[in-house]
Amino acid sequence: IVFNMASSSMSERLATAAGVAAYRSAVGEANVADMMVEVGAAYGGEGSGGPIDPRIGYVRDSFAGMAQVLALMVETRSTLAELVDGLPALAIHKGKVDLSGIDLGECLEALAIEFEGAEVDRRDGLRLSWPDRWLLVRGSNTEPILRMIAEADDPESARSLCQRAAKLIVSRSR
């Protein structure tokens with residue numbers, strides 16, 4: 001399966017549990033679809049909940065996603081709530097910082113140093129990951145802001161990652 005850098009680790013955890021290879025692409029439906037073609041993925045999607053099933057087409061299709069969830073409910077004889085209860089419980093926190101007076105490259109480098117020990121991925125901004133949490137910091141493609149998205153096992157840990165990153169970024173603004 002393929003999902004983007006800002007998507008929940010839930011997909012990765014479920015894929016690992018099922019013995020399925022999981023890949024992360026840059027943010028954006030086109031990037032997910034391109035990587036799906038490149039690796040021959042059977043499924044993909046964006047963190048917004050848009051599934052991409054190549055049997056239908058390499059585009060997000062919410063109607064296909066709804067049909068697949070309904071089919072799973074019938075197949076497992078489970079309610080939607082029961083299916084959700086079977087998923088890992090993770091917390092995502094999002095933040096943003098105005099890019100005015102900020103050297104994006106310099107800030108991303110400072111973050112990589114500040115969070116020493118994290119696995120670093122620079123394919124789409126800066127993604128720092130640990131076994132139990134991650135932080136993505138990237139420039140917005142639509143606004144003059146820096147977006148921060150963090151995920152952890154609990155809301156406070158996710159919020160703390162974004163706050164720590166924001167504090168460092170703001171301290172470096174001119």
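The values are calculated or read from the model by the stated rules, or taken from the named source; none is laboratory data. Small disclaimer: the values here were computed from a predicted structure and weren't measured. FYI the Cβ positions are ideal-geometry reconstructions off the backbone, even for glycines, and counts take in every protein chain you see. For the accessible areas, the whole protein counts, side chains as well, though only heavy atoms, and no ligand, DNA or RNA atoms are used. Shrake-Rupley method; radii C 1.70, N 1.55, O 1.52, S 1.80 Å.
Observations
- Separation of alpha-carbon centers, region 118-163 and region 50-97, rounded to whole Å: 22 Å
- Using a probe radius of 1.4 angstrom, the carbon and sulfur fraction of the accessible surface of the chain is 54%.
- The phi torsions of region 40-45, fed into the Karplus equation with coefficients 6.51, -1.76 and 1.60 and a -60° offset, translate into couplings of x, 5, 8, 6, x, x Hz, rounded to whole numbers, with Gly and Pro shown as x.
- The chain: calculated mean residue ellipticity at 222 nm from DSSP helix runs of at least 4, using -39500 (n - 2.57): -12500 deg cm²/dmol
- Rounded to the nearest 20, the size of the Cβ-charge dipole of region 42-85 about its Cα centre is 120 debye, with Lys and Arg at +1 and Asp and Glu at -1.
- Listed candidates (1) 9, 34, 39, 16, 2, 0; (2) 10, 34, 34, 18, 5, 0; (3) 7, 10, 8, 7, 7, 6, 6, 6, 5, 5, 5, 4, 4, 4, 3, 3, 3, 3, 2, 1 - label of the one calculated as P(r) over Cα pairs in 10 Å bins from 0, in percent: (2)
- Listed residues VAL120, VAL59 arranged by accessible area, highest first, probe 1.4 Å: VAL59, VAL120
- FRET efficiency, GLU114 to GLU82 (Cβ-Cβ, R0 41 Å, nearest 0.05): 0.50
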